[in-house]
Amino acid sequence: MPLTNIDTVTTLPAAPQRGEDQDTFVSKANAFVAAQVTLATELNTSIGQMNTLGSEIEGIGNQVSSDAQGASNAVTSAENARDLAQQWANKDENVVVSGGEYSAKHYSIKSEGFKNTAEVAAAAAQSAAGLPSLAGKADYALKVNDSEDGVQWEQLPSPHPANVQSYVKTDTSSTTSTTWVDTGLSVTITLTDAAHRVRLMAAINGCGPGAMMFRFMRGATVVGIGDTLGSRESVSFVVGEASQIDVDTLLSGVGLFVDAPGDVGPHTYKLQWRVINGTGYINRGFDDSNDANSARTISTLEAMEVI
């Protein structure tokens, strides 16, 4: 049975030198440090192979000794083989066993030394590159420090379920008000962090003889509207006027805004509306005739916590 082969250890890349420029030094240091992982793995594999080889050789010696029981010349051969096997397994470090080859013990000692050297070299390269220790830093990210003269570890935030509150309006409503009134769409959200923000999204389906205006409210505060200019109305979004030819026309309007309330709340958001003239409708057409050409829809308001 062939003996276990001992794999060759991959040669390390060139180590970084103090006199090299930063980019070259960092590039070499990264490659040198990365190679240590492969080196440590290969050394551990070689040590295991050497131990296996020692066990195999010792087993050969035992087998030869057993076979030598039948004849004196066989005994002599077996003893010689046993002695050689012991030398292959246990010959001291740096002492040749035969043909320029060394014992398993020699390679085991050397491998352990290489492993220790690699670990020291990796630590030195890591220190020279200004990298903090890796120990105990699972789930951490490396970032530039506040003084911008080095790097430091920062723990990654724990994932948390999405905080989304929504309201779905399935019935219809109407208004003739030319001043702001509530639509009935309202949500309340409590943030997990005062620095977080709220993304608002409204989708309205409806129609009117004139445009219908909508605006977001946080409590009694108007949010997410356009700039004021003269007598123009500042709004979040508009649903245009329905066709006077097709009385079953339905139009849609969507409003998006990210609000920063400044504290965790709870915060209540709602949608208000007003019309320019006539009657405005939500979730139905202007005529709303009872046939397959008339549609009933939904309208929604959603608040999502975002970082």
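The values are calculated or read from the model by the stated rules, or taken from the named source; none is laboratory data. All figures in this text were calculated on a predicted structure; none of them were measured in a lab. So basically every Cβ, Gly included, is an ideal-geometry build from the backbone, and we count neighbours across all protein chains shown.
How about the range 175-229: which of its residues are more than 25 Å from I307 (Cβ to Cβ), polar (S, T, N, Q) and touching a residue at least 40 places away in the same chain (Cβ under 8 Å)? Even if it seems obvious, please write down each step before you answer.
Filtering the range 175-229 for residues more than 25 Å from I307 (Cβ to Cβ) gives 175-185, 204-215, 220, 226-229.
Now restrict to residues that are polar (S, T, N, Q): 175-179, 183, 205, 228.
Selection gives T175, T176, S177, T178, T179, T183, N205.
Output the number of the condition that A40 fails; it satisfies all remaining conditions of (1) in the same structural domain as N116 (by TED's automatic domain parsing); (2) out of contact with any Lys or Arg (no Cβ under 8 Å at 6 or more places or on another chain).
(2)
Please specify each residue of the range 261-279 satisfying the condition of being part of a loop (DSSP other than H, G, I, E, B) and either more than 35 Å from the chain's Cα centre (by Cα) or not assigned by TED's automatic domain parsing to the domain that holds G206 (or both). Outline the logic, then answer.
The initial filter retains those residues of the range 261-279 that are part of a loop (DSSP other than H, G, I, E, B), namely 261-266, 276-279.
I276, N277, G278, T279, listed by residue number.
Tally the residues that are in contact with a His (Cβ under 8 Å, 6 or more places away or on another chain) and within 18 Å of V168 (Cα to Cα), restricting the search to the range 184-197. Can you show your working first?
So in the range 184-197, the residues in contact with a His (Cβ under 8 Å, 6 or more places away or on another chain) come out as 188-192.
Next cut, within 18 Å of V168 (Cα to Cα) only: 188-189.
Result for the range 184-197: 2.
If I ask for residues that are in contact with an Asp or Glu (Cβ under 7 Å, 6 or more places away or on another chain) and either outside any helix (DSSP H, G or I) or surrounded by fewer than 16 Cβ atoms within 10 Å (Cβ to Cβ) (or both), which ones from the range 21-56 would you list?
Listed by number, the list holds a single entry, T45.
Looking only at residues in the range 279-291 that are closer than 17 Å to G253 by Cβ and among the small types (G, A, S), which one is surrounded by the most Cβ atoms within 10 Å (Cβ to Cβ)?
Residue satisfying both the conditions and the ranking: G280.
Only one of (1) under 24 Å from A260 (Cβ atoms); (2) of a type in the set (K, R); (3) out of contact with any Phe, Trp or Tyr (no Cβ under 8 Å at 6 or more places or on another chain) is not met by R199, so which one is it?
R199 satisfies every listed condition except (3).
Counting only residues that are surrounded by fewer than 17 Cβ atoms within 10 Å (Cβ to Cβ) and within 22 Å of N290 (Cβ to Cβ), which one in the range 237-263 is modelled with the highest pLDDT?
Going through the qualifying residues, I end up with T249.
Determine whether I109 is outside the structural domain of L134 (by TED's automatic domain parsing), surrounded by 15 or more Cβ atoms within 10 Å (Cβ to Cβ) and among the hydrophobic types (A, V, I, L, M, F, W, C).
Against the criterion (outside the structural domain of L134 (by TED's automatic domain parsing), surrounded by 15 or more Cβ atoms within 10 Å (Cβ to Cβ) and among the hydrophobic types (A, V, I, L, M, F, W, C)), I109 does not qualify.
Which one is farthest from the chain's Cα centre (by Cα), of the residues in the range 280-307 that are closer than 16 Å to F214 by Cβ and in a loop (DSSP other than H, G, I, E, B)? Before the answer, list the steps.
Here is the first cut: in the range 280-307, the ones closer than 16 Å to F214 by Cβ are 280-283, 297-303.
Those still in the list that are in a loop (DSSP other than H, G, I, E, B) too: 283, 297-298.
Numbers: N283: 41, T297: 39, I298: 36 Å.
So, considering only residues that are closer than 16 Å to F214 by Cβ and in a loop (DSSP other than H, G, I, E, B), the one farthest from the chain's Cα centre (by Cα) is N283.
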